[in-house]
Amino acid sequence: MANLALRDLVKTYDRTEVLHSINLDVKDGEFVVFVGPSGCGKSTTLRMIAGLEEVTSGTVEIGGQVVNNLEPKDRDIAMVFQNYAIYPHMTVRKNIAFGLRTSKMTRAQKEARIEEVAGILGMTEYLDRKPNQLSGGQRQRVAIGRAMVRDPAVFLFDEPLSNLDAQLRTQMRLEIKKLHRRVGSTIVFVTHDQVEAMTMADRIVIMKDGHIQQIGSPAEVYHAPANTFVAQFIGAPSMNLLEGRGTASGVTLWTGAALATGPKADGKALTIGIRPEDLHVVESGGVLSGVVSVAEPLGSETLVYVDVDGKEIIASASGRTPPAAGDRITLDLDVRNLHVFDAASGEALA
Amino acid sequence: MAIAEDIRIKPSSETLLRPDRPKPPRNYAQFIRWALLFLGGVLMVMPLVYMISTSLKYSFEVYNLNLIPEEPTLENYTYVLEDGRFYTWFLNSLIIATLTTISTLIFDSLVGYVLCKFKFRGRYLIFIAILSTLMIPTEMLVIPWYLMSQQLGWLDTYWGIMFPGLMTAFGVFLMKQFFETVPDDFLEAARIDGLNELQIWWSVAMPLVKPALAALAIFVFLGNWTAFIWPLIATTDTALYTLPVGLSSFGDEADVAWELIMTGAAISTLPTLVVFLIFQRFIIRGVVMAGLKG
Ligand SMILES: Nc1ncnc2c1ncn2[C@@H]1O[C@H](COP(=O)(O)OP(=O)(O)OP(=O)(O)O)[C@@H](O)[C@H]1O
Ligand SMILES: [Mg+2]
């Protein structure tokens, strides 16, 4: 078990810098999720932690020790890959045992350890099968087993669930979380699915174009996004971003509606963010009004796409008495739920 | 998958092993197809049939092209098998073909693996250099080989016969292409599990390219088993002759003893059949396994 620290980590491929000065501290036993769009550098960061990719500059520390020049096997880590990477020519038992090849345990200890891990993962009865006799979820379990068996200080997962169907993904998500609670190792988990990030992480690291956008707990990144990118990336459906302008007493929306919030920066161009669930359909006296273009019933709620003065806004309406397409509705909001960003930089303003 | 199954099941088990139950041609196109295949099959089999037929003839009958010997005899077989030299040659061929096959499998796959999975300066150049040797025919190389062997004292040694074949450019190419199909994740997972590069190659990458290794083994073994020109040039000592060289020496200047040569050749096809039957399984299994992985 160990903490993990990245200091000014930079990665350059053929003079193109793809990671720009990444700084991160992961506490012992913490579950950290890297999330971001494709190509933002999540895998590259993970592979540098694992030692599969050379560090261009900066340091990777595991357990307080700089590991830049250590081989992957000497870093006390284990990694689970997206496409499982379990060996098709070996049985489940052999695959799991593979992680113990270099360990100094006796044969009996190894056997016991393999049985124990298989037990935790519910794979005991499949130990003598070959991977091609297993389902996708079971294969992924074998891959996790091979990583677990060595009891590494840090677990690295690179999109381990993206090859599974939606239902299995939800199930494995839960299992990995339980596993974390049980073994208590430090985990760095990469995904591009924000739901996975929100549900599993102690802390989320949101990345874009090789920069960290925000580091925070799921609640923090959801309720206090650092910029418009994070605001839109986290949460589904995405936060509405509206044009606005600062006034002496608050902000004015592009519709002319005045709201008492924000930095009181007179004349400044602002972006005002509001989550769909913070917009309420009201009979009268709302802030925004428009015509419903599409209504998407989801059961518990209905998503309504409302055309407000030429701008499409998503709001969450009641699931029981939803507005229909073509209805003119009025939306109200609580100014405390507004997020105010600088329109030029996209950064959140206090 | 569907194609693989077709190839696997139809020709081998249905038509070859049970010729008494051929499926009737369903239509005209099918008939033409069968006819062409039959013709091809006959062309392939004819030399083999003549070989066996000749081995069963007395020498006076050899130049009659009749397929069924008028007086079939096994005398040639007793003669060849009682001639002690035959065993020496057979053994020489077996040793040489086996060693070159093992060597080729190891070195071709090592080089192919490195060229495929390691990024280093000049690897493309090396690959092209290796491939370009494929364009030089053996006939052009035997004289330089001979001069070299002469100076190094390799003539009339096993090593002298074997050295040109210990590695093949074709095998390097084949293995490199096959290693492309092995995902890097497998290798990286093994790296994290603490294997060194040689162990990764041997215990992770090699098992995943077994079908290619099997195909290469068949090619190389057959190639060396039947090699004639270089072993003929590299040896003068009859005790070091390989089987093809030895067989061609049956008879004397005035008269080539074709019936004996054919008898020896017939016997010498047996090991090639064994090698094919052993390795062919791997090829078929490999196809099936790849199919299941999807
Ligand atoms: N070997 C390489 N050579 C050059 N550029 C590379 C290499 N590997 C990755 N990159 C670049 O580095 C950037 C980050 O890649 P990375 O694989 O880390 O993205 P990612 O966040 O994992 O994306 P995804 O969600 O698609 O897996 C990308 O722009 C990619 O093009
Ligand atoms: Mg990735």
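Figures for the structure shown
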quantity: Residue that is nearest to the other protein chains (Cβ to nearest Cβ), among those in region A:48-62 that are touching a residue at least 60 places away in the same chain (Cβ under 8 Å) and either over 20 Å from A:Lys27 (Cβ atoms) or within 14 Å of ligand 1 (Cβ to nearest atom) (or both); calculated: A:Ala50
quantity: Criterion: away from ligand 2 (no atom under 16 Å from the Cβ) and out of contact with any strand residue (DSSP E or B) (no Cβ under 7 Å at 6 or more places or on another chain) - qualifying residue of A:Ala219, A:Ala226; calculated: A:Ala219
quantity: Filter pass, A:Val142 being within 14 Å of chain B (Cβ to nearest Cβ) and of a type in the set (A, V, I, L, M, F, W, C); calculated: yes
quantity: Criterion (hydroxyl-bearing (Ser, Thr, Tyr), out of contact with any Leu (no Cβ under 8 Å at 6 or more places or on another chain) and open to solvent by 40 Å² or more (accessible area, probe 1.4 Å)) met by exactly one of A:Ser238, A:Ser185, A:Ser217; calculated: A:Ser238
quantity: Residue within region A:212-222 that is modelled with pLDDT under 95 and among the small types (Gly, Ala, Ser) present; calculated: no
quantity: Matching residues, region B:172-197, being more than 14 Å from chain A (Cβ to nearest Cβ) and in a helix (DSSP H, G or I); calculated: B:Val172, B:Phe173, B:Leu174, B:Met175, B:Lys176, B:Gln177, B:Phe178, B:Phe179
quantity: Unique residue being over 30 Å from B:Ala234 (Cα atoms), surrounded by 17 or more Cβ atoms within 10 Å (Cβ to Cβ) and assigned by TED's automatic domain parsing to the domain that holds B:Trp225 when the list is B:Ala169, B:Ala212; calculated: B:Ala212
quantity: Residue in region A:12-19 that is under 20 Å from A:Met79 (Cβ atoms) and away from ligand 1 (no atom under 16 Å from the Cβ) present; calculated: no
quantity: All positions within region A:146-163 that are buried (at least 19 other Cβ atoms within 10 Å of the Cβ) and within 16 Å of ligand 1 (Cβ to nearest atom); calculated: A:Leu156, A:Phe157, A:Asp158, A:Glu159, A:Pro160, A:Leu161
quantity: Some residue of region B:242-249 being over 19 Å from B:Ile267 (Cα atoms) and out of contact with any Pro (no Cβ under 9 Å at 6 or more places or on another chain); calculated: no
quantity: Residues that are in contact with a helix residue (DSSP H, G or I) (Cβ under 9 Å, 6 or more places away or on another chain) and among the charged types (D, E, K, R), drawn from region B:174-215; calculated: B:Lys176, B:Glu180, B:Asp184, B:Glu188, B:Arg191, B:Asp193, B:Glu197, B:Lys210
quantity: Subset tally (residues that are closer than 15 Å to A:Glu53 by Cβ, within 12 Å of chain B (Cβ to nearest Cβ) and within 26 Å of the chain's Cα centre (by Cα)) for region A:63-103; calculated: 5
quantity: Selection count where residues are at pLDDT below 95 and either within 14 Å of another protein chain (Cβ to nearest Cβ) or within 12 Å of ligand 1 (Cβ to nearest atom) (or both), scope region A:23-35; calculated: 0
quantity: Matching entry among B:Thr104, B:Thr133, B:Thr181, B:Thr157 (being open to solvent by less than 30 Å² (accessible area, probe 1.4 Å) and either on the phi < 0 side of the Ramachandran plot or not assigned by TED's automatic domain parsing to the domain that holds B:Pro231 (or both)); calculated: B:Thr104
quantity: From the options A:Ala143, A:Ala166, residue that is more than 16 Å from ligand 1 (Cβ to nearest atom) and surrounded by fewer than 21 Cβ atoms within 10 Å (Cβ to Cβ); calculated: A:Ala166
quantity: Condition check for A:Gln213: touching a strand residue (DSSP E or B) at 6+ places or on another chain (Cβ under 8 Å) and part of a strand (DSSP E or B); calculated: yes
quantity: Region A:50-79, subset aliphatic (A, V, I, L, M) and within 13 Å of ligand 2 (Cβ to nearest atom), residue surrounded by the fewest Cβ atoms within 10 Å (Cβ to Cβ); calculated: A:Leu52
quantity: Residue satisfying condition, being in the same structural domain as A:Leu338 (by TED's automatic domain parsing), modelled with pLDDT of 90 or more and either in a loop (DSSP other than H, G, I, E, B) or among the polar types (S, T, N, Q) (or both), within set A:Thr255, A:Thr271; calculated: A:Thr271
quantity: Set A:Ala343, A:Ala325: member being exposed (fewer than 14 other Cβ atoms within 10 Å of the Cβ) and either at negative phi or assigned by TED's automatic domain parsing to the domain that holds A:Ile274 (or both); calculated: A:Ala325
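The values are calculated or read from the model by the stated rules, or taken from the named source; none is laboratory data. This structure is a prediction, so every number in the text was calculated from the model and none was measured. Neighbour counts are summed over all protein chains in view; Cβ atoms, including those assigned to glycine, are modelled from backbone coordinates with ideal geometry. Note: accessible area is taken over every heavy atom of the protein model, side chains too, but ligands, DNA and RNA are not part of it. Shrake-Rupley method; radii C 1.70, N 1.55, O 1.52, S 1.80 Å.
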